[in-house]
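Everything below concerns the one structure shown next.
What follows draws every value from the coordinates through simple rules; no lab data is involved. What you see is a predicted model, and the numbers here were worked out from it, not measured in a lab. With ideal geometry, Cβ positions are generated from the backbone for all residues, glycine too; neighbour counts draw on all protein chains shown.
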Amino acid sequence: MPVILLTGGAGYIATHTAICLLEAGFEVLALDNFSNSQPQALERVGQICGRQVPLVKADIRDEAALERVFSEHQISAVVHFAGLKAVGESTEQPLAYYDNNVAGTVTLCRVMARHGVKQLVFSSSATVYGDARQMPIREDAPRSATNPYGQSKLMLEYILADLQASDPAWRIAVLRYFNPVGAHPSGLIGENPNGVPNNLMPFISQVAVGKRAQLAVFGDDYATADGTGVRDYIHVMDLASGHLKALQYLQQQPGLVAVNLGTGRGYSVLEMIKAFSDINQVAVPYQIVARRPGDIAECYADPSLALELFGWKAERGLEDMVRDAWRWQQQNPDGYCS
Ligand code: NAD
Ligand code: UD1
């Protein structure tokens, strides 16, 4: 039975995707170096799906380790999540980001090619659109980067396009995620940030559960309806099913596609706070502070290409996102160590 390799397999998006793939009848193998995750996350996936996910501890930059994995398993495709993703950290440690994300992906692709495995789904990000002028954002919008993290994703988009152009046997889906939030409805797996969360939803959850006193809202003077930043939040289970659809698409279609995974609907920071506290009946104290450097006013997808190519669209709404995020947070106040 061919196996789908999930790099970064113990991470937030990969664990949710593993569930979708297992439920659709795929065999999966997870590979992770646990730089930002724990093996317990995959044990929880096993609990949800009734079977354990095989797991290899390895780094994607370790070519010899990847050689062993590809020799020992019948891998048919790779969903490549492994990467560092903290924007602030990337500005302080650019080399770590280029090494891990760019060099790591090049190593992975080299080993894949050697083993004739040429189907790849790649985790890109809406960050490649920089400060987009036109909303909603279509895939053909100009791309740019404002920090080393974004630059690493942009470089990889170019590298993968060059790779596919050099050898048409490659089938590559570049998925540009908007803002993944929420958790599996079981409450067993979810986002488990290290230290102080950078992103809005985990911060709101930690305030609601009492781990942090209040949320700092970064600016209320943007040119948006209520002055706070607007983003396209997408439920992580919708994002997960987008990967399944992308894999099924690649089985039918050669070439390279770059596709937005978003809902097409933006919500402001204040709307997110209100939804979280109204639906979950919990207080989320907040204070307006200065803008966060580098932030943009609004960012939301035109998700129509994903519907056209993959037959995929997001099904879950804001209620599901905040309810599921809260269930995970309440059941696991200290993440997988709870
Ligand atoms: P995550 O940190 O939870 O998952 C990434 C996983 O990759 C972690 O388990 C980490 O330990 C592993 N990893 C990192 N470097 C590795 C290496 N060299 N070798 C092996 N494993 C390694 O993050 P996530 O939110 O699940 O993100 C998955 C991917 O999606 C990342 O590439 C990220 O850049 C991208 N992405 C995430 C978001 C988001 O908001 N979460 C948005 C856009 C794109
Ligand atoms: C983040 C990433 C970006 C990635 C995108 C999609 C950062 C700096 N950027 O940006 O690279 O492409 O997710 O996953 O991590 N906010 C607050 N208070 C907080 C946290 C956030 O007010 O404590 C606001 C922000 O100003 C923004 C919104 O909430 O308006 C969402 O922020 P965040 O979750 O960090 O996502 P992005 O800004 O889209």
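Using only side-chain charges placed at the Cβ, +1 for Lys and Arg and -1 for Asp and Glu, the dipole size of segment 65-214 relative to its Cα centre rounds to 220 debye. For the chain, the spread of Cα positions along the three principal axes, ordered from largest to smallest, is 54, 43, 39 Å.
So if R0 is 51 Å, what FRET efficiency would E308 and I279 give, r being the distance between their Cβ atoms, rounded to the nearest 0.05? Each step should come with its number before you reach the end.
Numbers: r = 32 Å, r/R0 = 0.63.
E(calc), rounded to 0.05, equals 0.95.
Shown in residue order for segment 311-326 are the 3J(HN,Hα) couplings computed by the Karplus curve 6.51 cos²θ - 1.76 cosθ + 1.60 at θ = phi - 60°: x, 10, 8, 5, 10, 9, x, 4, 4, 4, 4, 6, 5, 5, 4, 6 Hz (x for Gly and Pro).
Placing +1 on each Lys and Arg Cβ and -1 on each Asp and Glu Cβ, with no other charges, gives the chain a dipole about its Cα centre of roughly 240 debye. In the chain, the longest principal axis of the Cα atoms and the axis of helix 63-72 are about 70 degrees apart.
Projecting the Cα atoms of H235, I273, P303 onto the charge dipole of the chain, computed from C-beta unit charges around the Cα centre, puts H235 farthest toward the positive end.
Backbone phi angles across segment 155-164, fed through the Karplus curve with coefficients 6.51, -1.76 and 1.60 (θ = phi - 60°), yield HN-Hα couplings of 4, 5, 4, 5, 4, 5, 5, 5, 4, 5 Hz in residue order; Gly and Pro are listed as x.
Could you order peptides 323-335, 224-236 by the average number of other Cβ atoms within 10 Å of their residues, highest first? If you can, show how the numbers build up before the last one.
Working: 323-335: 19.0, 224-236: 21.5.
Per-residue Cβ counts within 10 Å, averaged per peptide and sorted highest first, yield 224-236, 323-335.
With a Förster radius of 56 Å applied to the C-beta separation of A225 and A103, the computed FRET efficiency comes to 0.85.
Expressed in nm², what is the orientationally averaged projection area of the convex hull enclosing the Cα positions of segment 53-93?
Numbers: hull surface 16.3 nm².
With the hull built on Cα positions only, its mean projection is 4.1 nm².
For segment 294-303, 3J(HN,Hα) computed residue by residue from phi via the Karplus equation (6.51, -1.76, 1.60; θ = phi - 60°) reads x, 6, 10, 5, 8, 7, 8, 8, 8, x Hz, glycine and proline entered as x.
Here's the list of aspartates and glutamates a cross-link from K57 could span, going by alpha-carbon distance under 12 Å and ignoring same-chain residues fewer than 8 apart: D32. Partner lysines whose Cα lies under 24 Å from the Cα of K274, excluding those fewer than 8 positions away in the same chain, are identified as K211.
All C-alpha pair distances within segment 209-338, sorted into 5 Å bins from zero, spread as 2, 9, 15, 17, 17, 16, 11, 7, 4, 1, 0 percent across the bins.
Which order do the peptides 214-222, 75-83, 253-261 come out in when sorted by mean C-beta neighbours inside 10 angstrom, highest first?
Details: 214-222: 16.7, 75-83: 24.3, 253-261: 19.6.
Highest-to-lowest ranking by the protection proxy: 75-83, 253-261, 214-222.
Length gained on full extension, D167 to I288, computed as 0.36 nm times the residue gap minus the Cα-Cα distance: 38.4 nm. Given K118/K313; K85/K153; K245/K313, which pairs have Cα atoms separated by over 20 Å? Pairs exceeding 20 Å: K118/K313. Distances between placed amide hydrogens fall under 5 Å for L215 paired with Y286, Q287, all partners being 5 or more residues away or on another chain.
Between the residues A126, I159, I172, the greatest Cα displacement towards the positive end of the dipole of segment 88-185, with unit charges on the Cβ of Lys, Arg, Asp and Glu, is found for I172.
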